[in-house]
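Contents: one structure, followed by commentary.
The values are calculated or read from the model by the stated rules, or taken from the named source; none is laboratory data. Note that the coordinates shown come from a computational prediction; the quantities given were computed from them, not determined experimentally. All Cβ positions, even for glycine, are placed from backbone atoms using ideal geometry, and neighbour counts span all protein chains on display. Note: accessible area is taken over every heavy atom of the protein model, side chains too, but ligands, DNA and RNA are not part of it. Shrake-Rupley method; radii C 1.70, N 1.55, O 1.52, S 1.80 Å.
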Amino acid sequence: MPVDLDAANYALSGLRPFPVAVTTIEGGVANGLMSLSAGAASIVPEAPRATISLTKYNKTHDMVLSSGVFVMHLLAAAPEEALEESLEILMGLGGSSGRDGDKLTAFRTKPGVTGAPILLGAHSYVEARVVRSLDMDESTLFVGDVVAAERFSQDERLRVGEAWKRLPKEWIEQYDANHAPQLASARRYRGLPEDGPAH
Ligand SMILES: Cc1cc2nc3c(=O)[nH]c(=O)nc-3n(C[C@H](O)[C@H](O)[C@H](O)COP(=O)(O)O)c2cc1C
């Protein structure tokens with residue numbers, strides 16, 4: 001029986017509502033992206049672990065694979081100035097690739113214990129060293145031991161639905177344009193036609 005793709009994609013959508021800004025450093029070069037794949041990966045409160053799934057198409061993927069370090073930042077939903085800074089981070093890291101130029105010097109940062117940049121405009125973060133990774137063909141799932149963490153804000157964390165309502169139309173168009181080659185690459189890695197299913 002063929003899979004009901006609408007049902008599958010509905011059931012799987014929105015499971016991780018918090019966008020995270022992921023940063024890393026490799027060979028002295030810092031970079032980062034936005035992700036909706038962040039997860040907690042341990043029930044042991046004194047030894048927290050985090051997971052992140054990065055698409056092989058993205059520069060940050062190769063950098064985390066090679067450096068074994070990442071910082072996962074939650075963004076702030078309030079007050080208004082903090083929300084605006086959150087949207088700047090989301091647009092800055094998620095709208096273009098570090099392959100096309102530096103994305104991080106625009107933001108206030110400090111080096112973390114691994115050397116990876118901490119975004120000072122974030123809500124909170126965990127910094128992690130990769131202890132396991134799983135090759136998922138189109139992407140890699142990284143599991144990291146948390147080696148540092150900080151909370152800068154006592155306000156709510158930004159949810160992606162709220163962010164999409166506030167993002168400018170032009171930025172969303174640019175994001176969609178960047179997403180197309182990423183999707184084609186993922187399909188290639190999975191051995192599927194890169195234009196998608198025939199209609
Ligand atoms: C809300 C949002 C969620 C995203 N989720 C992911 C993700 O889970 N994994 C991933 O590899 N890219 C994700 N992306 C796409 C990357 O952030 C984007 O392709 C980025 O430009 C890659 O930059 P880089 O090539 O410098 O690594 C997401 C983007 C946005 C805006």
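Within region 18-35, can you find the residues that are out of contact with any helix residue (DSSP H, G or I) (no Cβ under 6 Å at 6 or more places or on another chain) and in a loop (DSSP other than H, G, I, E, B)?
Within region 18-35, F18, G27, G28 qualify.
Inside region 175-198, can you point out the residues that are in contact with a Phe, Trp or Tyr (Cβ under 9 Å, 6 or more places away or on another chain) and surrounded by fewer than 13 Cβ atoms within 10 Å (Cβ to Cβ)?
P181
Any residue that is free of Cβ contacts under 8 Å to residues at least 24 places away in the same chain and more than 15 Å from the ligand (Cβ to nearest atom) - is there at least one of those in region 85-107?
Within region 85-107 (the criterion being free of Cβ contacts under 8 Å to residues at least 24 places away in the same chain and more than 15 Å from the ligand (Cβ to nearest atom)), the answer is no, since none of the residues qualifies.
Results for (1) among the hydrophobic types (A, V, I, L, M, F, W, C); (2) within 17 Å of the chain's Cα centre (by Cα), shown as yes or no for each residue.
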site	(1), (2)
V126	yes, yes
V146	yes, yes
R151	no, no
R157	no, yes
I172	yes, yes
Y175	no, yes
P193	no, no
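Within region 128-144, track down each residue that is more than 14 Å from the chain's Cα centre (by Cα) and within 13 Å of the ligand (Cβ to nearest atom).
M136, E138 - these are the residues of region 128-144 that are more than 14 Å from the chain's Cα centre (by Cα) and within 13 Å of the ligand (Cβ to nearest atom).
Identify all residues within region 74-123 that are in contact with a His (Cβ under 7 Å, 6 or more places away or on another chain) and in a strand (DSSP E or B); write none if there are none.
Within region 74-123, L74, A76, L119 meet the criteria.
Is it true that some residue in region 64-74 is surrounded by fewer than 20 Cβ atoms within 10 Å (Cβ to Cβ), more than 23 Å from V146 (Cβ to Cβ) and within 13 Å of the ligand (Cβ to nearest atom)?
No.
Quick one: what pairs do we get from region 173-197, first residue within 10 Å of the ligand (Cβ to nearest atom), second β-branched (V, I, T) and open to solvent by less than 90 Å² (accessible area, probe 1.4 Å), C-beta under 9 Å, 6+ apart or different chains?
If the second residue must be β-branched (V, I, T) and open to solvent by less than 90 Å² (accessible area, probe 1.4 Å), the pairs left are Q182/T55; A186/T55.
Select from region 156-174 the residues that are of a type in the set (D, E) and farther than 22 Å from T23 by Cα and write down the one among them that is least open to solvent (accessible area, probe 1.4 Å).
Among residues in region 156-174 that are of a type in the set (D, E) and farther than 22 Å from T23 by Cα, the one least open to solvent (accessible area, probe 1.4 Å) is E162.
Do we find a residue being touching a residue at least 40 places away in the same chain (Cβ under 8 Å) and more than 14 Å from the ligand (Cβ to nearest atom) anywhere in region 34-44?
yes
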